[in-house]
Amino acid sequence: MISILIIFTYTCPALAQTILEINNFQSSNLSERKLIWPDWRFPSFMKRPGLKDDLIYPAWFEGVWDVTSEIESDQNQKTTIHSAKFINNFYGDLIADREYNTKSYALSSKTGGFLSVKNDPKSPNRQFAKLTEDRYLETKIIGRLQEKMDNNIFITDELILQILHTPELSRVSQVETLTEFKKCGSNQNNEINLSDFNICAEQFQAIYNQPGQNLISLPIKTEKSKLILRKTNYD
């Protein structure tokens with residue numbers, strides 16, 4: 001299973017491609033990249049985040065949401081239901097509570113033998129997960145872009161370096177996930193109530209080949225999911 005609610009959840013170990021090259025980009029890159037799915041190449045246009053840089057969300061993400069994630073496939077559709085939380089950091093920016101969200105997703109999906117997770121206290125871009133069978137998964141965000149198209153659409157793209165540590169070896173992989181979020185009606189209609197709305201999303205993920213296997217950086221596996229975030233009701 002590849003599934004990753006990239007901005008705010010857990011990822012499973014996967015094979016990957018070459019060393020990331022970081023270049024400048026135009027503001028339309030993410031919407032254009034979505035349109036050419038699944039004909040992707042390994043991304044060379046992302047910005048490498050600084051040690052303290054995090055993904056900043058629009059104000060309308062604030063709070064706790066019940067998330068339904070459905071993976072599209074030819075054989076069947078696999079659905080996972082979990083929780084996601086968005087909070088203000090020290091600087092007042094709205095960010096994902098990555099540790100909370102990772103735990104919720106991993107426990108709900110029951111994938112990869114997850115036991116526990118901890119954020120790196122020095123950087124929001126690094127996380128450590130303890131797995132069964134004396135395995136550890138280290139994840140680090142090495143590329144990121146985000147675009148706020150208007151007050152109703154938000155697009156993110158992140159590239160994650162994963163290192164799976166086992167007693168026998170360590171395996172490195174890279175996974176890219178692009179997600180387009182949109183406000184949508186709470187009753188799945190076309191009307192958006194400013195005080196009562198859901199967030200609908202399309203998520204596109206690619207896993208790339210190991211370094212040196214070929215010169216063309218095509219994905220070896222792609223996956224698409226649909227997400228619906230509904231505000232959690234504590235009443």
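Maximal additional length on extending the Arg230-Trp60 stretch stands at 60.0 nm, based on 0.36 nm per residue less the C-alpha distance. FRET efficiency for the pair Asn88 and Lys122, taken as 1/(1 + (r/R0)^6) with r the Cβ-Cβ distance and R0 = 35 Å, rounds to 0.95. Taken along the Cα-to-beta-carbon direction at a fixed 7 Å, the label points for Lys78 and Thr132 span 1.5 nm. Computed extension length for Lys34-Lys52: 3.7 nm, one decimal, from 0.36 nm per residue of separation with the Cα-Cα distance subtracted.
Among 31-37, 219-225, sorting by the average number of other beta carbon atoms lying within 10 angstrom of each residue, highest first, gives 219-225, 31-37.
Let me confirm the definition first: pairs of Lys residues in region 67-136, 8 or more apart or on different chains, C-alpha distance under 12 Å. How many are there? Walk me through the numbers on the way to the answer.
Values: Lys85/Lys103; Lys103/Lys118; Lys103/Lys130; Lys118/Lys130.
Total qualifying Lys-Lys pairs in region 67-136 comes to 4.
Residue separation of Ser44 and Leu169 scaled by 0.36 nm, minus their Cα-Cα distance, works out to 42.2 nm of gained length. Applied to region 116-121, the Karplus parametrisation 6.51 cos²θ - 1.76 cosθ + 1.60 on θ = phi - 60° returns per-residue 3J(HN,Hα) values of 7, 8, 9, 6, 6, x Hz, with x for Gly and Pro.
FYI, it's all coordinate maths here, none of it is from the lab. Owing to the predicted nature of the structure, the values given are computational and were not obtained by experimental measurement. No Cβ is skipped: glycine too gets one built from the backbone with ideal geometry, and neighbour counts run over all protein chains shown.
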